[in-house]
Amino acid sequence: MATVATRVIEALARSGVRHVYGLPGDSLNGFTDAIRRSDDVSWEHVRHEETAAFAAASDAALTGKLAVCAGSCGPGNLHLINGLFDAQRSRVPVLAIAAHIPRSEIGSGYFQETHPQDLFRECSVYCELVSTPEMAPRILEMAMRAAVEENGVAVVVIPGEVFLAQAGESGWLKHAIEATRSVIRPDDESLRRAADMLNSAQNVTILGGAGVAGAHDALVELAGTLNAPVVHALRGKEFIEYDNPHDVGMTGLLGFSSGYKAIKEADVLLMLGTDFPYQQFYPEHARIIQVDVRGGHLGRRTPIDLGLVGTVADTLAALKPLLVQKPGREHLDRSLRHYRKTRANLDALAVNDRDKSPIRPEYVAGLVNRLASDDAVFTVDVGSPVVWAARYLKMNGTRRLVGSFNHGTMACALPHAIGAQTAYPGRQVVAFAGDGGLAMSFGELITLMQNRLPVKLVVFNNSSLNFVELEMKAAGIVNFGTELINPDFAAVAQAMGMFGRRVERAGDLEQAVTDAFAHDGPAVIDVVTARQELSIPPAITVEQAKGFSLYAIRTILAGRGDELLDLVTTNVARRLLD
């Protein structure tokens with residue numbers, strides 16, 4: 001008779017799971033031993049359980065299938081929590097196996113005791129304790145079903161001895177657990193109301209997010225019918241901006257003024273599959289239609305005039321026959337002209353600035369975009385790397401982009417890259433890492449070597465928590481506690497046996513990136529970038545403007561005028577271009 005652990009692995013394999021990310025521990029021994037004996041599921045060893053959860057999240061985001069991570073009892077599975085929050089907020093299907101202390105000791109304050117079923121409840125769609133071997137098959141099936149149907153995290157808490165117990169026959173887990181397919185669209189009356197609003201509007205702007213995935217062509221056709229500029233939120237970038245003659249860029253804190261302007265000038269804003277969070281970027285007087293498959297998300301960011309529950313693809317297909325071709329395109333043409341100007345200004349910054357040091361981060365991102373493969377997977381750290389990725393990486397329908405865009409955690413680029421490269425060993429994976437983010441997940445460089453993952457890591461090394469400094473400047477606060485004393489990351493990489501190259505002058509960058517991309521194995525390109533480069537959002541509040549002025553005054557009074565001079569010198573070209 002097979003053990004519970006063996007049955008779990010068989011069920012995962014039957015449902016298409018090929019990898020389990022984690023770190024071994026005594027309470028997981030029965031589980032990892034079952035993997036050792038399996039021909040279908042591999043154990044992907046990482047150096048920290050947080051990485052296991054991030055890697056599973058990336059795997060699930062890219063494949064669209066259930067991904068699995070595991071942690072031993074107490075501290076082991078607690079380390080999963082940040083990555084699981086990221087997966088839950090990104091709405092990707094992840095199953096976490098959280099091993100537990102012996103059943104007989106629960107509630108006694110035993111060594112490493114926690115209560116995982118309580119701790120993980122906020123970051124999961126399903127979380128339950130398996131207290132007897134007989135419960136395991138049914139709970140596992142419910143957990144897997146919840147994860148794939150609700151696109152979220154499911155946590156199964158299993159005491160170590162239950163893994164090793166004999167598993168009797170059960171009707172559960174006999175078949176593969178895969179997401180069902182359904183047609184989800186609004187009713188005819190709601191669609192008619194939406195069509196009336198869109199047909200009668202003069203200036204329609206579309207704001208799209210990750211929910212547009214799979215509906216790119218329908219979106220472009222809709223924009224053509226409405227003569228509407230299309231703005232994307234960050235998570236919609238990879239699904240919206242390519243082959244789209246109506247694209248006017250991104251909005252939000254990391255976006256372009258053209259996207260902001262197209263939304264502000266609309267009299268009807270059509271939101272498609274986006275939960276864009278920043279209220280200050282919504283129009284003040286436009287009527288708003290929002291389409292989302294989750295009814296509870298309608299109208300929670302800004303007041304709306306009409307909410308429609310449905311997938312973007314199904315809703316647009318049903319809405320299409322009700323729309324009338326708009327004759328005028330003044331709003332669209334005006335938005336496109338503004339976008340072309342904005343894009344030209346941004347591209348003008350992504351150049352070798354007379355071979356000066358430190359290097360402009362825009363140039364780094366633009367060069368990597370040009371040299372990366374057509375089907376590259378990019379992962380990006382939160383902070384300044386995500387700004388440059390959002391503005392300079394160009395999607396083409398086959399490239400992918402993964403980051404902690406909703407949870408917003410540091411140190412995700414390398415762990416996400418591990419999951420991406422494991423899921424797609426034959427594709428180029430490029431990680432945009434901040435120096436602070438890389439330092440936080442430093443041990444995973446060893447994972448790249450141990451697991452033979454040829455990830456290419458581009459480090460934006462500005463010796464600071466750069467985005468935090470920008471937030472301080474905007475608040476009028478003198479930078480404090482943000483300086484980083486970094487090692488030579490390339491030398492560290494070389495010491496680990498991988499490709500490492502440090503670049504301090506722009507003229508050396510292209511050859512370094514070319515060599516790293518050609519290297520058959522993991523590579524680290526440590527690029528010394530300008531610390532004082534400002535990534536200004538398209539809409540600056542009066543408070544932020546005051547904040548920058550206060551920052552300047554306080555910096556001088558603090559005796560740090562050289563920092564202010566560096567800020568001005570670094571950004572003078574940007575000011576002239578704008």
Check your understanding: Would you pick out the residues in segment 393-421 that are touching a strand residue (DSSP E or B) at 6+ places or on another chain (Cβ under 6 Å) and closer than 13 Å to A61 by Cβ?
Key -> R400, L401, V402, G403, H416, A417, A420
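Can you name the strands (runs of 3 or more DSSP E) wholly within segment 368-441 that have at least 1 residues being in contact with a Pro (Cβ under 6 Å, 6 or more places away or on another chain) and free of Cβ contacts under 8 Å to residues at least 24 places away in the same chain?
Numbers: elements: 377-380, 400-403, 429-434.
So the answer is none; nothing clears 1.
Condition first: of a type in the set (D, E, K, R) and without any contact (Cβ under 8 Å) to a residue 60 or more places away in the chain. Can you find one or more residues in segment 237-254 that meet it? Write out each step before concluding.
Quick first cut of segment 237-254, residues of a type in the set (D, E, K, R) only: 237-238, 241, 243, 247.
This time we only want the ones that are without any contact (Cβ under 8 Å) to a residue 60 or more places away in the chain, so: none.
Looking for residues that are of a type in the set (D, E, K, R) and without any contact (Cβ under 8 Å) to a residue 60 or more places away in the chain, one finds none in segment 237-254, hence no.
Yes/no per residue for (1) in contact with a Ser or Thr (Cβ under 7 Å, 6 or more places away or on another chain); (2) touching a residue at least 60 places away in the same chain (Cβ under 8 Å); (3) within 23 Å of A5 (Cα to Cα); (4) assigned to a strand (DSSP E or B):
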site: F85; (1), (2), (3), (4): no, yes, no, no
site: Q88; (1), (2), (3), (4): yes, yes, no, no
site: L95; (1), (2), (3), (4): no, yes, yes, yes
site: S104; (1), (2), (3), (4): no, no, yes, no
site: G109; (1), (2), (3), (4): no, no, no, no
site: T114; (1), (2), (3), (4): no, no, yes, no
site: C127; (1), (2), (3), (4): no, no, yes, yes
site: M135; (1), (2), (3), (4): no, no, yes, no
site: L140; (1), (2), (3), (4): no, yes, yes, no
Practice item. Answer yes or no: is there a residue in segment 257-274 that is aromatic (F, W, Y) and in contact with a Leu (Cβ under 8 Å, 6 or more places away or on another chain). Key: no
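Do we have A11 as crowded, with 24+ Cβ neighbours inside 10 Å and closer than 20 Å to M135 by Cβ here? Can you show your working first?
Numbers: crowded, with 24+ Cβ neighbours inside 10 Å: no; closer than 20 Å to M135 by Cβ: yes.
The answer is no for A11.
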Practice item. From I81, I9, grab the single residue that is assigned by TED's automatic domain parsing to the domain that holds R145 and in contact with a Cys (Cβ under 9 Å, 6 or more places away or on another chain). Key: I81
Practice item. Within segment 177-236, count every residue that is crowded, with 22+ Cβ neighbours inside 10 Å and at positive phi. Key: 0
Check your understanding: F480 versus (1) of a type in the set (F, W, Y); (2) surrounded by fewer than 17 Cβ atoms within 10 Å (Cβ to Cβ); (3) modelled with pLDDT of 95 or more: which is the lone unmet condition?
Key -> (3)
Study note, to complete from the structure: Per the list (1) in contact (Cβ under 8 Å) with a residue 24 or more places away in the chain; (2) part of a loop (DSSP other than H, G, I, E, B), residue check on M144 breaks on (2)
Review point. Tell me, which residue of segment 378-412 that is surrounded by fewer than 23 Cβ atoms within 10 Å (Cβ to Cβ) and in contact with a Gly (Cβ under 6 Å, 6 or more places away or on another chain) is modelled with the highest pLDDT?
Key: Y392
Study note, to complete from the structure: By residue number, the members of segment 172-194 that are touching a residue at least 12 places away in the same chain (Cβ under 8 Å), in a loop (DSSP other than H, G, I, E, B) and not basic (K, R) are W172, L173, H175, A176, I177, E178, A179, T180, V183, I184, P186
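The values are calculated or read from the model by the stated rules, or taken from the named source; none is laboratory data. Just so it is clear, the structure is predicted and the values come from calculations on it, not from any experiment. FYI the Cβ positions are ideal-geometry reconstructions off the backbone, even for glycines, and counts take in every protein chain you see.
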